[in-house]
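Structure record follows, encoded as structure tokens.
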Amino acid sequence: MSEFADIEGAMVTLIEEIEDGGAGVFATVQGWASAGRNATLAALERLVKPAALVMVERREQSVASEAVPGDPQVGVVVAGSNLRSPEAARLGAADGHGAYELASKVTAVLDGAILADVRRLRSISEQIIAADERTVVIEQRWLAERPAELSAPTYGGETIAGSEAVVSVHVNSGRASAVEFGFPGVDGVYRHTVGMRERTIRWSGQLRATSHSSLIALETTIEGLVEAGRADTVADSIGRTYVGCVALEFRRDGPRRIHPLRGTVSQNFQLDFVQVAG
């Protein structure tokens, strides 16, 4: 299988599994090779609705300095239809789901989803691209990014940022600390290395919780560690560990945010550690 096929297949499966009352919400979910919006709308006309098409659209431009391919962008089009009225096509009725509800259900499932244990979906945009007296079509665009770290790092073996946090770990260069000494009558200076000193390790990303109170609990735990000043081991999700680290400073970046569909709470943050022994 190719990378594009893996992404398409994983997203089709996630949308197929959306249920309401024990039954699947969509009558048709399938992959589609995007050849322009008109071709996509024509394909939707032939499908039983409610319908969703998943389309790998393009790969992001490669960063020349890194010389690696960019992440794929994926389109999802959702079509809700009702023969009785445009209102029912938008809002739904007793005999079916409207396009607005269908799009919301898809977003709730895809936003932040992990694909094949290596990619995370991130929402780019959403808009209505077609509507008439019986059908409404909504287009979503997603970035299937491949971050180096997909799980939360730990401090002292604990996921102090919470298991749902999105965190990157940045490690600054380390410097050995040493004691220099000499002996009377002996030429030269001797140096005894006593360990690694002054390495800064920064966690940056987003804390996530189901409620304000849960997020406050996470922040309080982190602030307590900063206040305590104890040395422990920092470990990230790619196998790096650093012993003798002290939580130095916790900063909130910007306001709290509420997920528009799930109602979950998030806070961008930075947490700096200093390695005092190693």
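Where does the charge balance sit around R59 when Lys and Arg score +1, Asp and Glu -1, over other residues with C-beta under 11 Å from its C-beta? Don't skip to the answer; put the middle values down first.
On the way: positive: R58; negative: E3, E57, E60, D71.
My count for the surroundings of R59 gives -3.
What size of dipole, in debye to the nearest 20, comes out for the stretch 154-275 about its Cα centre when the only charges are +1 on Lys and Arg C-beta atoms and -1 on Asp and Glu C-beta atoms?
Values: 13 positive and 13 negative charges, 76 e Å.
That gives the stretch 154-275 a dipole magnitude of about 360 debye.
Full-extension gain between R202 and Q30, please, as 0.36 nm times their residue separation minus the C-alpha to C-alpha distance. Each step should come with its number before you reach the end.
Working: separation 172, 0.36 × 172 = 61.92 nm, distance 4.18 nm.
Length difference between fully extended and current span is 57.7 nm.
Please label the shape of the stretch 133-188 as rounded, prolate or oblate, based on the square roots a ≥ b ≥ c of the eigenvalues of the alpha-carbon gyration tensor (a/c under 1.5 means rounded; beyond that, a/b larger than b/c means prolate, else oblate). Numbers along the way, then the final one.
Details: a/c = 9.34, a/b = 3.57, b/c = 2.61.
Verdict is prolate for the stretch 133-188.
Report the semi-axes of the equivalent ellipsoid for the stretch 197-269 in whole Å, largest first, where each axis is √(5λ) for an eigenvalue λ of the Cα gyration tensor.
Working: eigenvalues 137, 38, 23 Å².
Square roots of five times the eigenvalues give 26, 14, 11 Å.
Cβ under 15 Å from V106's Cβ, V106 left aside: what net charge do those residues give with Lys, Arg +1 and Asp, Glu -1? Present the calculation step by step, with values, prior to reporting the outcome.
Numbers: positive: K49, K105, R122, R141, R262; negative: E8, E16, E17, E19, D20, E101, D111, E126, E139.
Result for the neighbourhood of V106: -4.
Is the shape of the stretch 3-145 best called rounded, prolate or oblate, per the rule: a/c under 1.5 gives rounded, else a/b larger than b/c gives prolate, else oblate, with a ≥ b ≥ c the square roots of the Cα gyration tensor eigenvalues? Mind showing how you got there, number by number?
Values: a/c = 2.35, a/b = 1.75, b/c = 1.34.
It is prolate, given that a/c is not under 1.5 and a/b is the larger ratio.
Using a cut-off of 13 Å between beta-carbons, work out the net charge of the residues near A165 (Lys and Arg +1, Asp and Glu -1, A165 not included).
On the way: positive: R120, R208; negative: E149, E158, E164, E219, D236.
Cβ neighbours under 13 Å give a net charge of -3.
Using Cα centres only, tell me the gap between the stretch 204-278 and the stretch 39-101 in whole Å.
36
Of the listed values (1) 49, 41, 39; (2) 101, 43, 29; (3) 125, 59, 31, grab the one calculated as Cα extents along the principal axes in Å from the structure here.
After the calculation, the listed value that fits is (2).
Dimensions of the stretch 154-275 along principal axes (Cα, Å, largest first)?
76, 27, 25
For F269, F250, what ranking results if the residue with the fewest other Cβ atoms within 10 Å of its Cβ goes first?
Details: F269 21, F250 17.
Placing the least packed residue first, the sequence is F250, F269.
Bear in mind these aren't lab numbers, they're just calculated from the coordinates by the rules spelled out. No experiment lies behind these values; they were computed from the predicted model shown. Cβ coordinates were reconstructed from backbone atoms using ideal geometry, including for glycine residues, and neighbour counts include every protein chain displayed.
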